[in-house]
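Shown next, in structure tokens, is the structure this report addresses.
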Amino acid sequence: MAEHYESEAFIYNQVPVRIFNHSFDGTDIFTSLHWHRNVEFNLTTEGRIKMNIDGKNMQLLPGDWCIVNSGELHSNHWIEPTDHFGGICVQISKSFLDRWVGEGVRFDLPGSQAASDRIRQTLIKFGEYKKDGVDDLRKMELVFSFLNLLRDNCVYETVSGEKTEHEGDANIKSIINYIDEHYMDQLDLSSVAANFNYTPTYLSRMFKEHVGRNFYQYLQNVRLMNCVEEMKEDENVRLMECALNHGFPNVKSFIQTFKKTFGCTPSEWVKQGRKAPIQEI
């Protein structure tokens, strides 16, 4: 009998929640478009941030919080390059939520201000637990309290026959992955559409609906942020090589895109203290 119990796969010291306390300034307030199975709850505690969730843009100020359901495409971005952002992110295992709240359940913001305030305070408590290194038993107590709040106030009631996921979600995710892998190549709307057997018009409409920006804007942003990462890592990088290596047709296009996004040229960005000096062309 003892041998039988010892062979069972009990898992100890594991809380099905990930907690992040964020503090970012300027252009570090950025996460590229992505998705995951976990359900995510984001609270802004300081400053501000722009988020895109499932193609919808929103600005979050101190005290504002939002929900990213499982599988939803989302990203965040600074509003101004001088911004500061502080926040708490709580991710809860999808399979754990399926077990305790209901399989396939999706969440929406509560209609009650009192419920919204209670959830906000619980997210703050998660952040405090992360800082203080609270033991797993206390964390699980908070997790189940949070699940009760979600079940009672945030479960999204679907209309009979309504799909739980937007049509085309799986396809747009494949396209996003394809762009992220091939952004250095000479991509354009027509070539990507043909690769996935779509017309350019259909792909353009799908992009706007699910990503919240058009195809070209997304592609240029992916190229730009990869350039910026290289500029941060290598103080001796040359702009022409950086631009061409990351898919820009020429350095002029890179500088124009940089200025539109950051409000300044790469040289001005350096002078403002964003990064150690880099070499001009």
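Assorted remarks:
- Count - residues of the stretch 73-115 that are in contact with a Gly (Cβ under 9 Å, 6 or more places away or on another chain) and over 27 Å from Lys131 (Cβ atoms): 4
- Number of residues in the stretch 107-136 that are assigned to a helix (DSSP H, G or I), in contact (Cβ under 8 Å) with a residue 60 or more places away in the chain and more than 19 Å from Pro62 (Cβ to Cβ): the value is 2.
- A search for C-beta distances below 9 Å between a residue of the stretch 25-44 that is of a type in the set (Lys, Arg) and any residue that is surrounded by fewer than 21 Cβ atoms within 10 Å (Cβ to Cβ) and not in a helix (DSSP H, G or I), counting only pairs 6+ apart in sequence or on different chains, returns Arg37/Gly71; Arg37/Ser93.
- Scanning the stretch 48-65 for residues that are hydrophobic (A, V, I, L, M, F, W, C) and surrounded by fewer than 18 Cβ atoms within 10 Å (Cβ to Cβ) turns up Met58, Leu61.
- Restricting the stretch 218-252 to residues that are more than 25 Å from His74 (Cα to Cα) and in contact with a strand residue (DSSP E or B) (Cβ under 8 Å, 6 or more places away or on another chain) leaves a set whose member that is surrounded by the most Cβ atoms within 10 Å (Cβ to Cβ) is Leu239.
- Among residues of the stretch 65-101, those that are farther than 24 Å from Ser145 by Cβ and among the hydroxyl-bearing types (Ser, Thr, Tyr), counted: 2
- Being modelled with pLDDT of 90 or more and either in contact with a helix residue (DSSP H, G or I) (Cβ under 6 Å, 6 or more places away or on another chain) or not small (Gly, Ala, Ser) (or both) holds for only one residue in Gln220, Gln279, and it is Gln220.
- Here the strands (runs of 3 or more DSSP E) wholly within the stretch 28-96 that include at least 2 residues being farther than 30 Å from Gln272 by Cα are 39-47, 65-68, 84-92.
- Counting only residues that are more than 26 Å from Asp185 (Cα to Cα) and surrounded by 19 or more Cβ atoms within 10 Å (Cβ to Cβ), the stretch 258-273 holds 1 of them.
- Qualifying position, being in contact with a Lys or Arg (Cβ under 8 Å, 6 or more places away or on another chain), in the same structural domain as Ile92 (by TED's automatic domain parsing) and closer than 23 Å to Lys125 by Cβ, among Asn38, Asn42: Asn38
- Only one of the numbered conditions (1) of a type in the set (Val, Ile, Thr); (2) modelled with pLDDT of 90 or more; (3) crowded, with 19+ Cβ neighbours inside 10 Å is violated by Ile255, and that is (3).
- Checking Arg37 against (1) closer than 25 Å to Phe215 by Cα; (2) surrounded by 18 or more Cβ atoms within 10 Å (Cβ to Cβ), the condition it does not meet: (2)
The values are calculated or read from the model by the stated rules, or taken from the named source; none is laboratory data. In this text, all values refer to a predicted model and were calculated from it rather than measured experimentally. Heads up, the Cβs are rebuilt from the backbone with ideal geometry, glycines too, and the neighbour counts pull from every protein chain shown.
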